[in-house]
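*Asks:* Got a structure for you, questions after.
The values are calculated or read from the model by the stated rules, or taken from the named source; none is laboratory data. Values in this document were obtained by computation on a predicted structure and should not be read as measured data. Methodologically, a virtual Cβ is constructed for each residue, glycine included, from the backbone with ideal geometry; neighbour enumeration extends over all protein chains shown. Heads up: the accessible areas ignore ligands, DNA and RNA and are worked out on the full protein's heavy atoms, side chains in. Shrake-Rupley method; radii C 1.70, N 1.55, O 1.52, S 1.80 Å.
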Amino acid sequence: MGAADAFDQRAANAYFAEFQTNFPQIQLLLSVKTAETVLGMLRNYDIELAIVSLPDQSERGMVVTPLVADELKLLLSPRHPLTRQETITVDDLRRERFLLHEPGSTSRQLTDEWAGKVGLPFDSVMELGAIETMKEAVKCNMGIAVLPRRSVIRETETGELLQRDLPAYDNRRHICLVYRDEELLSTNARLFMQTLLDRIEQAPA
């Protein structure tokens, strides 16, 4: 199984642990990579299914089942001057340094699309390869980041990071279950998928 981009890691770990307890005969192998890489692994038959953050578009040769929405947010250090504003405009962001996820991730694709839509050039950018690295850099007030809301739940709850809405942003990002539509899944993969879908359906809105 592959997983791409960040999601609510606590919830994911809890699910994996519960699944492993209920089905100890099934060995889970989790590989966390960019969406582009994970989709390539699916197309190359390296994995059977994946949990991937994707925009609301179809993927050729794939069955894509949206699980939960996971919108992008602006993340700031509590020491950043913009945290004094509840609403941040595009003009407020023009001179800011942005900490962006590496190309190939859904978050980066949608961030670039949003910036183009609102007319915001990224004049000062630092590209980082991992969500955890981005969060630590924001905590040090090295810049502001655009990150999925579910990837920063713990940090925003503790006040280590503050989040604000992206101006003029319409969410197109969802965490999805993806698999090839050309073959039958193995028994273990089907069991994992059905258990996951049942868990999502039972979860509170």
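*Asks:* Could you give every pair whose Cβ atoms fall below 8 Å, whose first residue belongs to region 151-165 and is within 21 Å of Gln85 (Cβ to Cβ) and in contact (Cβ under 8 Å) with a residue 24 or more places away in the chain, and whose second residue is of a type in the set (D, E, K, R) and exposed (fewer than 13 other Cβ atoms within 10 Å of the Cβ), counting only separations of at least 6 or pairs across chains?
*Replies:* Pairs found: Arg164/Glu86.
*Asks:* Kindly indicate which of Ile144, Ile175, Ile131 is among the β-branched types (Val, Ile, Thr), closer than 25 Å to Asp46 by Cβ and in contact with a Phe, Trp or Tyr (Cβ under 8 Å, 6 or more places away or on another chain).
*Replies:* On the way: Ile144 fails: closer than 25 Å to Asp46 by Cβ; Ile131 fails: in contact with a Phe, Trp or Tyr (Cβ under 8 Å, 6 or more places away or on another chain).
Just a single option satisfies the conditions, and that option is Ile175.
*Asks:* Follow-up question, since we're still on this one. Name the pairs: first residue in region 100-115 and closer than 15 Å to Leu39 by Cβ and open to solvent by 10 Å² or more (accessible area, probe 1.4 Å), second residue assigned to a strand (DSSP E or B) and hydroxyl-bearing (Ser, Thr, Tyr), Cβ to Cβ under 9 Å, at least 6 apart or on different chains?
*Replies:* Hits for this filter: zero, empty list.
*Asks:* Looking at this structure, is Arg190 surrounded by 14 or more Cβ atoms within 10 Å (Cβ to Cβ) and either touching a residue at least 24 places away in the same chain (Cβ under 8 Å) or under 15 Å from the mean Cα position of the chain (by Cα) (or both)? Can you show your working first?
*Replies:* Details: surrounded by 14 or more Cβ atoms within 10 Å (Cβ to Cβ): yes; either touching a residue at least 24 places away in the same chain (Cβ under 8 Å) or under 15 Å from the mean Cα position of the chain (by Cα) (or both): no.
No.
*Asks:* Go through (1) touching a helix residue (DSSP H, G or I) at 6+ places or on another chain (Cβ under 9 Å); (2) open to solvent by 70 Å² or more (accessible area, probe 1.4 Å); (3) closer than 16 Å to Leu100 by Cα for Gln163 and report which single condition fails.
*Replies:* (2)
*Asks:* A further question follows. Please enumerate the residues belonging to region 39-56 that are open to solvent by less than 90 Å² (accessible area, probe 1.4 Å) and without any contact (Cβ under 8 Å) to a residue 60 or more places away in the chain.
*Replies:* Of everything in region 39-56, those that are open to solvent by less than 90 Å² (accessible area, probe 1.4 Å) and without any contact (Cβ under 8 Å) to a residue 60 or more places away in the chain turn out to be Gly40, Met41, Ile47.
*Asks:* Restricting to region 11-37, and then to whatever is touching a Leu at 6+ places or on another chain (Cβ under 8 Å) and assigned to a helix (DSSP H, G or I), can you tell me which residue is most open to solvent (accessible area, probe 1.4 Å)? Give the steps one after another, and end with the answer.
*Replies:* Initial filter on region 11-37 (touching a Leu at 6+ places or on another chain (Cβ under 8 Å)): 15-16, 19-20, 23, 26, 35.
If we keep only those that are assigned to a helix (DSSP H, G or I) as well, we get 15-16, 19-20, 35.
Details: Tyr15: 14, Phe16: 28, Phe19: 3, Gln20: 67, Ala35: 4 Å².
Ranking the candidates gives Gln20 first.
*Asks:* When you look at Glu71, is it farther than 22 Å from Ile144 by Cα, among the acidic types (Asp, Glu), open to solvent by less than 70 Å² (accessible area, probe 1.4 Å) and modelled with pLDDT of 85 or more, yes or no? Step through it out loud before you land on a result.
*Replies:* Numbers: farther than 22 Å from Ile144 by Cα: no; among the acidic types (Asp, Glu): yes; open to solvent by less than 70 Å² (accessible area, probe 1.4 Å): yes; modelled with pLDDT of 85 or more: yes.
No; evaluated as a whole, the condition is false for this residue.
*Asks:* While we're on this one: Being open to solvent by less than 70 Å² (accessible area, probe 1.4 Å), among the acidic types (Asp, Glu) and in contact with a Lys or Arg (Cβ under 8 Å, 6 or more places away or on another chain) is the filter here; which residues of region 81-99 pass it?
*Replies:* Answer for region 81-99, where residues must be open to solvent by less than 70 Å² (accessible area, probe 1.4 Å), among the acidic types (Asp, Glu) and in contact with a Lys or Arg (Cβ under 8 Å, 6 or more places away or on another chain): there is none.
*Asks:* Among the candidates Glu182, Glu160, Glu102, single out the residue that is at pLDDT 90 or above and either within 30 Å of Leu42 (Cα to Cα) or over 16 Å from the mean Cα position of the chain (by Cα) (or both).
*Replies:* Numbers: Glu182 fails: at pLDDT 90 or above; Glu102 fails: at pLDDT 90 or above.
None of the others qualify; the one that does is Glu160.
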